[in-house]
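Here the structure is laid out as structure tokens; the discussion comes afterwards.
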Amino acid sequence: MNISTLNVAILNCIFFLIPLVTTAQNHVYHAYINLTETDFGKLPINLKRNGSPQQEIHFNFPKSIQGTYSYQNYNRFIELPKSDNIQSYTLNEDVFIIKSTQPIDRICYTVNQSWDKSPNVIFEPASTLFSKEVALLQWWAILPKILNENAKYIIHLEIENDKYITSSTPFTQLNDSVFVSDTLSYEQILDQSLLYSDQETVSFNLEESNLKIQIGSYSTLNKIHPYHLYKDIHETLSTISVYLPKEVFPITYSTLFYFNHKPYKSGKQGALEHKSGAVFTFPESKYEYLKDEIRKTIAHEFLHILNPLVISNTSLQNYDTQNPDIGQQLWFYEGLTEYLAVKLLWQSELISDEQFLEEILQKYNRSLWYDNTVPLSKLSEDVLSEYREQFGNFYNKGFLVSLSLDLFFYQNNSEFTIIELLHILLEKYPEGFEDDKLFSILEKESSVKGVNKFLKSIIQKNDDLPLEEFLFKIGIDFTPIHKIPKASLGNIGIAFKDEKVIVTDVSELDQFGKAIGYQKGDILFSLNNELLTTENFPSKVSEFQNESNSKDTIKIQILRNGKQIHTKAKALINYQEEKASIGLILEEKASFFLFKEHSILQQKD
């Protein structure tokens, strides 16, 4: 047993040592948090215990939060006080222990903000931030899991009376500055966040579901406010919400935004989902520049309410914050969600046809930033360790896989849609599905033969996606990055002067250039017996580069010091990378719009 004493700061907190009683009581912890006292990124916590007292309390904080698919190790931001009567130390660096010869009535400690801490910087939407001006509270990083107890929590929060809080945590306001929460389970602690700022919360109800939406924000330069966000969030969530079963909705869904004029230390922007809301971090800019990305991101996070926060494999259903097991299907949780977010916005005319095509092209191009030699199933299994830098590809390649699955359904004359699939999974697999049976489940529930084999070939065997073929059938001309043969003119520098084509640089001649024997100042007179002029030079060279092959002998006539020199050499063929491209096939536009109409999913009651 490796036990090491913590190097801790002394807090202004009294440990009440009370007589031991044996009457069983509910273990409720009252957390007293005063945001008017926070300073220098430190937040004192006073945790008073109601219930049968203990002489020894074990507790910890998560190593990993669902949705991050990485380790944060929140224990490292906790400081426990020293006391003559109380021992505090860690057990194997995973568990805090507070121990006394007499029963303990309360625990006091300080939480250090994680927002800007190195090494192992935490993605900001999962971070804590404490200052008198703004605070981002993640309850799981502030309130501990009490081990061997079914602990409940009541939060007593004090704020400046000119500030506002936005949170899906149910609070009762006692006066201008004091709030008390309902009794919360630890599962609720893991699911909720709070933003404290000088910007007033905007709230509204979605008409179809009566779901209450909150918008809270903080803007470092005060450029963006919740009222800027209202229209786009209202429109987006009104559109997306009708496709989700109402039974998965929380009572309140809180959207917490942080806009920063400086780069984020994690080097990222984005969001982290909860069942009851999401936290977003974006650069601070003109709102018009951000609105499209905000629409897409909030659609993505809202869809996470269903997948994977309700629908997932059995290990994610019971997410172990100390030793998480992600499984093989991250493409399904992140890639499918990203695809559905874009698709539903497109179908609802919140993004244009051109933007939809651009999303496909962008996802393809960005997928090339990552290691595509490893199957997505393997990346998912080891995303917490070996392949943590590859996580971003689930939003890109995972999107393309999901697009391909949608097209597989469509091109097999199936009326089955992905949203229907999620509704069925919710109904039939409420406790989660077995990870290695997902593909066969998808085939069974869709009644589309070949789904299992298709997904295994892409996800597990890492076969190439048939994007070109699938997209062509719905009127989309997609060309991936490819290399095309180009004949070399010798890697020379060229200038036009007095209607002559003059060689200006021969410092980096290639094999063909050396064989021709170019010299600086040469005038290019003809190419394959065709006269060269400043007017026709671009077209003649383009024709030469595209039509020559390695067996051709290339003839070039040069004027040098008034003399004609006839030269020739075997063609040198280089391979030039061409960018990927996408566009509608004019003659097949009808196919594209039929796919769009076919894919308009049935709204669920």
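Read-outs: derived from the displayed coordinates by stated rules, not from any lab. No experiment lies behind these values; they were computed from the predicted model shown. Positions of Cβ are backbone-derived with ideal geometry, glycine not excepted, and every protein chain shown enters the neighbour counts.
Data for the structure
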{"read-out": "Qualifying lysines (Cα of each under 25 Å from Cα of Lys563; at least 8 residues distant if same chain)", "value": "Lys497, Lys500, Lys514, Lys520, Lys540, Lys555"}
{"read-out": "Listed residues Val506, Ile419, Gln355: farthest to the positive end of the dipole of the chain (Cβ charges)", "value": "Val506"}
{"read-out": "Three-way shape label, region 154-212, alpha-carbon gyration tensor, a/c 1.5", "value": "oblate"}
{"read-out": "Size of electric dipole in region 201-302: Cβ of Lys, Arg +1 and of Asp, Glu -1, about Cα centre, debye, nearest 20", "value": "380"}
{"read-out": "Three-way shape label, the chain, alpha-carbon gyration tensor, a/c 1.5", "value": "prolate"}
{"read-out": "Nearest 10 degrees, 0 to 90: helix 287-303 Cα axis against the chain principal axis", "value": "60"}
{"read-out": "Evaluated at q = 0.14, 0.17, 0.18, 0.22 Å⁻¹: base-10 log I(q)/I(0), Debye formula over Cα of region 484-578", "value": "-0.46, -0.70, -0.79, -1.21"}
{"read-out": "Helix 353-367 vs. the chain, principal-axis angle (Cα, 0 to 90°, nearest 10)", "value": "90"}
{"read-out": "Longest to shortest principal axis, alpha-carbon extents of region 201-302, angstrom", "value": "40, 25, 21"}
{"read-out": "Neighbour-count ranking [beta-carbon atoms within 10 angstrom, fewest first] of Trp140, Trp346", "value": "Trp346, Trp140"}
{"read-out": "The chain, helix-only ellipticity at 222 nm - DSSP H runs n ≥ 4, -39,500 (n - 2.57), divided by all residues, nearest 500", "value": "-7500 deg cm²/dmol"}
{"read-out": "Cα-centred dipole magnitude for region 484-578, charges only on beta-carbon of K, R (+1) and D, E (-1), debye, nearest 20", "value": "500"}
{"read-out": "Dipole axis of the chain (+1 Lys, Arg; -1 Asp, Glu on Cβ), positive-most option in Leu594, Gly490, Asn396", "value": "Gly490"}
{"read-out": "Leading residue at positive end of dipole, the chain (Cβ point charges), from Ile154, Leu206, Leu572", "value": "Leu572"}
{"read-out": "Folded to 0 to 90 degrees: helix 336-347 orientation relative to the chain principal axis, Cα", "value": "70"}
{"read-out": "The chain - charge dipole about Cα centre, Lys and Arg +1 at Cβ, Asp and Glu -1, debye rounded to 20", "value": "1460"}
{"read-out": "Trypsin sites (Lys or Arg not before Pro) lying in DSSP loop within region 524-583, provided at most 11 other Cβ fall within 10 Å", "value": "Lys551, Lys579"}
{"read-out": "Neighbour-count ranking [beta-carbon atoms within 10 angstrom, fewest first] of Trp369, Trp139", "value": "Trp369, Trp139"}
{"read-out": "Overall form of region 522-605 per C-alpha gyration tensor (a/c, 1.5; a/b vs b/c)", "value": "prolate"}
{"read-out": "Subset of Lys42/Lys152; Lys132/Lys296; Lys145/Lys291 violating a 30 Å alpha-carbon distance limit", "value": "Lys132/Lys296; Lys145/Lys291"}
{"read-out": "Per DSSP, loop GluC sites (Glu not before Pro) in region 529-605 with at most 16 further Cβ within 10 Å", "value": "Glu535"}
{"read-out": "Cβ-based exposure ranking for Asp325, Asp371, in which fewest neighbours within 10 Å come first", "value": "Asp371, Asp325"}
